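Worksheet: one structure, shown below.
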Amino acid sequence: MTMARPDARGRFGDYGGRFAPETLMPALDQLEAAFDAAWADPAFRAQLDGLLHTFVGRPTPVHRAARLSEQLGLDLWLKREDLAHTGAHKINNTVGQALLAMRMGKRRIIAETGAGQHGVATATACALLGLDCAVYMGAKDIERQALNVYRMRLLGAEVIAVHHGAATLKDAVSEAMRHWVQTVDTTHYIIGSVVGPHPFPYVVRQFQKIIGEEVQRQLDGSTPDRPAPDVIVACVGGGSNAMGIFYPYAGSGVDLVGVEAGGHGIETGKHGASLGAGSRGVLHGAITYLLQDDDGQVLEAHSLSAGLDYPGVGPEHAWFKDAGIARYESATDDEAVVALHLMARIEGIIPALESAHALAWVVREAGTLTGKTVVLNLSGRGDKDVQQIAALGG
């Protein structure tokens, strides 16, 4: 059974909650109240829907990958979030939260980013609405996502390098949260995934569930060229693209499969598979599955994909796993690179490395999916990854 919203403690079953400094509690209360009021306000919804249509480019299409379907022996459809403005699903959330910030009277925005897509989407929303923007990004990710760093700066955002820890997404989130504590009265923090203290996982899910709602209308089973899905597959880092497409189908009988970063292989310990190989704990303000040692210290994740290089996952995904609503698998770096090349050469689409993990699972498991209609959430385009892939000799 799914939960339309978390309980009074901000939890999805045993997961979620609000484990944050006391100085942030009023801002979290304010955000929850502002979101509930906005979501119930027809004028806010009309403004958001208008921007999603004319600025973001929604609805994004579903596209049958005909040649890949024939090769794999299944009916593969792509939900083309890579065609949304800025090249990924992240813009659905940043436009919504930026409008909320204005509603709360906050004109300065901070954000974190790994692959850079959330940072670009935040900078884009801020440019659109005239808001100040600062984006925290791990120094390692700044190196491997140079194109997105330039895009953020071009859009007027300040990009702040984070050098401590592994200098990746986890550290960018931590630094952004520390800064938010100091500037909470004037600043809104746009978290980029379904992570963090309540109400962020719920708020981000509500802004992203438009993905699955569109698929329900686009592939409704009414005609042979609109087949209802048997399986829906999405990559999972923090998990916003996956929750966005999963949530409307939860409990429907459709097989929901989240694909985490297998890195060098689960057995090596160098991966980002929090649901597959982690345990329950608290990370960035919420109870969830995360990678940690026997003393509860957070372990560093590894993925070639900057957007999946995170040692935790959204608490609603943890709930989905335990409740059996969705299942979670993994794909390695090498499998994702092979899948990226495959889609590029057979379908003329270069997927983001993140999305390529989901495709890698479909390719690997094709024999068990014969004849089924599979919808893959193509959550982002791979322009940002081309230089990184080229450096591998690909």
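Select, from Ala161, Ala234, the only residue that is surrounded by fewer than 17 Cβ atoms within 10 Å (Cβ to Cβ), assigned to a strand (DSSP E or B) and touching a helix residue (DSSP H, G or I) at 6+ places or on another chain (Cβ under 7 Å).
On the way: Ala234 fails: surrounded by fewer than 17 Cβ atoms within 10 Å (Cβ to Cβ).
So the residue among Ala161, Ala234 that is surrounded by fewer than 17 Cβ atoms within 10 Å (Cβ to Cβ), assigned to a strand (DSSP E or B) and touching a helix residue (DSSP H, G or I) at 6+ places or on another chain (Cβ under 7 Å) is Ala161.
Quick one: is Pro229 in contact (Cβ under 8 Å) with a residue 24 or more places away in the chain, surrounded by fewer than 22 Cβ atoms within 10 Å (Cβ to Cβ) and not basic (Lys, Arg)?
Numbers: in contact (Cβ under 8 Å) with a residue 24 or more places away in the chain: yes; surrounded by fewer than 22 Cβ atoms within 10 Å (Cβ to Cβ): no; not basic (Lys, Arg): yes.
So Pro229 does not fit the description; no.
Please go through the range 6-50 and pick out each residue that is among the acidic types (Asp, Glu) and either under 23 Å from the mean Cα position of the chain (by Cα) or not in a helix (DSSP H, G or I) (or both).
Asp7, Asp14, Glu32, Asp36, Asp41, Asp49
Within the range 329-338, identify whether any single residue is assigned by TED's automatic domain parsing to the domain that holds Ala250, under 21 Å from the mean Cα position of the chain (by Cα), of a type in the set (A, V, I, L, M) and under 30 Å from Arg18 (Cα atoms), and answer yes or no.
Taking every residue of the range 329-338 in turn, none turns out to be assigned by TED's automatic domain parsing to the domain that holds Ala250, under 21 Å from the mean Cα position of the chain (by Cα), of a type in the set (A, V, I, L, M) and under 30 Å from Arg18 (Cα atoms).
Considering Gly96, Gly105, Gly119, which residue is assigned to a loop (DSSP other than H, G, I, E, B) and outside the structural domain of Ala242 (by TED's automatic domain parsing)?
Criteria check complete, one pass: Gly105.
Taking the options Gly73, Gly10, Gly50, name whichever one is touching a His at 6+ places or on another chain (Cβ under 9 Å) and among the small types (Gly, Ala, Ser).
Numbers: Gly73 fails: touching a His at 6+ places or on another chain (Cβ under 9 Å); Gly50 fails: touching a His at 6+ places or on another chain (Cβ under 9 Å).
When all the criteria are applied, what remains is Gly10.
Considering every residue within the range 296-303, establish whether at least one is out of contact with any His (no Cβ under 8 Å at 6 or more places or on another chain) and assigned to a helix (DSSP H, G or I).
no
For the range 97-145, give me the residue count where each residue is out of contact with any strand residue (DSSP E or B) (no Cβ under 9 Å at 6 or more places or on another chain) and under 20 Å from Arg205 (Cβ atoms).
Residues flagged as out of contact with any strand residue (DSSP E or B) (no Cβ under 9 Å at 6 or more places or on another chain) and under 20 Å from Arg205 (Cβ atoms) within the range 97-145 amount to 2.
When you look at Tyr202, is it touching a helix residue (DSSP H, G or I) at 6+ places or on another chain (Cβ under 7 Å), farther than 19 Å from Arg381 by Cα and either of a type in the set (Ser, Thr, Tyr) or free of Cβ contacts under 8 Å to residues at least 12 places away in the same chain (or both), yes or no?
Spelling it out, it is not the case that Tyr202 is touching a helix residue (DSSP H, G or I) at 6+ places or on another chain (Cβ under 7 Å), farther than 19 Å from Arg381 by Cα and either of a type in the set (Ser, Thr, Tyr) or free of Cβ contacts under 8 Å to residues at least 12 places away in the same chain (or both).
Just checking, how many residues over the range 345-382 are touching a strand residue (DSSP E or B) at 6+ places or on another chain (Cβ under 7 Å), among the acidic types (Asp, Glu) and either outside the structural domain of Gly253 (by TED's automatic domain parsing) or surrounded by fewer than 24 Cβ atoms within 10 Å (Cβ to Cβ) (or both)?
Looking only at that region, the number is 0.
Have a look at Tyr136, Tyr189, Tyr150 and point out the one that is in a helix (DSSP H, G or I) and either closer than 23 Å to Pro21 by Cα or in the same structural domain as Arg45 (by TED's automatic domain parsing) (or both).
Answer to the check: Tyr150.
Which of the residues that make up the range 250-295 are of a type in the set (A, V, I, L, M) and in a strand (DSSP E or B)?
Start the filter on the range 250-295 by keeping residues that are of a type in the set (A, V, I, L, M), which leaves 250, 254, 256-257, 259, 261, 266, 273, 275, 277, 282-283, 286-287, 290-291.
Answer for the range 250-295, where residues must be of a type in the set (A, V, I, L, M) and in a strand (DSSP E or B): Leu256, Val257, Val259, Ala261, Val282, Leu283, Ala286, Ile287, Leu290.
I'm checking my understanding of the structure. Among residues of the range 351-394 that are in a helix (DSSP H, G or I) and among the hydroxyl-bearing types (Ser, Thr, Tyr), which one is nearest to Ser330 (Cα to Cα)?
Top of the filtered list is Ser355.
The values are calculated or read from the model by the stated rules, or taken from the named source; none is laboratory data. Since this is a predicted model, take the numbers as computed values, not measurements. Virtual Cβ from ideal backbone geometry, glycine too; neighbours counted across all protein chains shown.
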